[in-house]
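Below is one structure, written out as structure tokens, with a few remarks after it.
The values are calculated or read from the model by the stated rules, or taken from the named source; none is laboratory data. Quantities reported herein were computed from a predicted structural model and do not represent experimental measurements. Every residue, glycine as well, gets a Cβ built from its backbone with ideal geometry; the counts of neighbours run over all protein chains shown.
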Amino acid sequence: MNWQAVLSIYRYEMNRTFRTLAQSIVSPVLSTVLYFVVFGTAIGQRIDTVDGIPYGAFIVPGLVMLTLLQQSVTNASFGIYFPKFIGTIYELLSAPISFIEIVIGYVGAAATKALMIAAIILITSTFFVDLTIAHPVFMIMFLVLTSVSFALMGFIIGIWAGNFEQLQLIPLLVITPLVFLGGAFYSITMLPPGWQAVSLFNPVVYLISGFRWSFFGLADVPVGLSILAISVFLAACLTAIWWIFRSGWRIKP
């Protein structure tokens, strides 16, 4: 394993983040705070508690997960797409490093940036609500697994995308709606039985449910299913990336 190459890619991506600090960190945090103020104030006045949890605290895991998914995918997809766009990816592919080292560098940086923003949002939320974490080890596990899995997905999107419009297509039209419909701001037990059954086909439900359980000890689906869901998704993304580099799909002329 060429750790020097991995570190070089990682440092380059992290430095790019700090060069665009307002866009990379401040903007998503402010957007999430606005979500929190609007939902926590406007809806919180009409919904006191959900399953015995104050509504303002109840939505914190959903807001963190919403930002974590968006940032993991966006950072990883742009990180690998930009070398494709300017043509430097061929220099990267011709360098004496393996695809594993390339993936670790880009995905590791994207996941790190997403985790940084998630941590800032968690800290910020404590200024608005009283927040306790029942299972901190599981919370960290869900954060790391989710950020790495969706950074891998973003890496795949960055390789697939042929232009900047396609780069934003899946995060905007797929991931964000799935999060909103996945119980980020409500419990799926509040839905009619038919819609509860439909919601179980939304993979994000399992992520948000497991992550919320780590805070409050309450979940819409069994925690074991949540861990299994994110593990299967992680394995699927790793398999897809292995096939991409093996076949040269979208990265070799």
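Give the number of residues within the stretch 152-201 that are more than 28 Å from Val37 (Cα to Cα) and assigned to a helix (DSSP H, G or I).
Residues meeting the conditions: 17.
Being in contact with a Ser or Thr (Cβ under 9 Å, 6 or more places away or on another chain), aromatic (Phe, Trp, Tyr) and either under 19 Å from Leu152 (Cα atoms) or in contact (Cβ under 8 Å) with a residue 60 or more places away in the chain (or both) is true for just one of Phe78, Phe82. Which residue is that?
Testing whether each residue is in contact with a Ser or Thr (Cβ under 9 Å, 6 or more places away or on another chain), aromatic (Phe, Trp, Tyr) and either under 19 Å from Leu152 (Cα atoms) or in contact (Cβ under 8 Å) with a residue 60 or more places away in the chain (or both) leaves just Phe82.
Please work out which residue is farthest from Tyr55 (Cα to Cα), limiting yourself to the stretch 93-135 and to residues that are at pLDDT below 85, out of contact with any strand residue (DSSP E or B) (no Cβ under 8 Å at 6 or more places or on another chain) and of a type in the set (A, V, I, L, M).
Ala95
Given (1) farther than 30 Å from Gly56 by Cβ; (2) under 14 Å from the mean Cα position of the chain (by Cα), identify the lone condition not met by Ile241.
All conditions are met except number (2).
With Ile140, Ile121, Ile117 as the choices, which residue is under 15 Å from the mean Cα position of the chain (by Cα), within 25 Å of Pro171 (Cβ to Cβ) and surrounded by fewer than 17 Cβ atoms within 10 Å (Cβ to Cβ)?
Ile140
Could we say that Thr146 is among the β-branched types (Val, Ile, Thr) and surrounded by fewer than 21 Cβ atoms within 10 Å (Cβ to Cβ) here?
The answer is no for Thr146.
May I ask you to verify whether Leu225 is in a helix (DSSP H, G or I) and under 18 Å from Ala151 (Cα atoms)?
no
Residues checked against (1) buried (at least 18 other Cβ atoms within 10 Å of the Cβ); (2) closer than 29 Å to Leu173 by Cα:
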{"position": "Ile59", "(1), (2)": "yes, yes"}
{"position": "Val64", "(1), (2)": "yes, yes"}
{"position": "Thr74", "(1), (2)": "yes, yes"}
{"position": "Ile80", "(1), (2)": "yes, yes"}
{"position": "Glu91", "(1), (2)": "no, no"}
{"position": "Ser98", "(1), (2)": "no, no"}
{"position": "Glu101", "(1), (2)": "yes, no"}
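Select from the stretch 124-137 the residues that are acidic (Asp, Glu) and crowded, with 17+ Cβ neighbours inside 10 Å and list them in ascending order.
Listed by number, the list is empty, since nothing qualifies.
Looking at Trp160, Trp195, Trp213, which is the one that is aromatic (Phe, Trp, Tyr) and without any contact (Cβ under 8 Å) to a residue 24 or more places away in the chain?
Trp195
Conditions tested, residue by residue: (1) surrounded by fewer than 17 Cβ atoms within 10 Å (Cβ to Cβ); (2) among the acidic types (Asp, Glu); (3) farther than 15 Å from Phe142 by Cβ.
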site: Val174; (1), (2), (3): yes, no, yes
site: Pro177; (1), (2), (3): yes, no, yes
site: Met190; (1), (2), (3): yes, no, yes
site: Gly194; (1), (2), (3): yes, no, yes
site: Val205; (1), (2), (3): no, no, no
site: Gly217; (1), (2), (3): yes, no, no
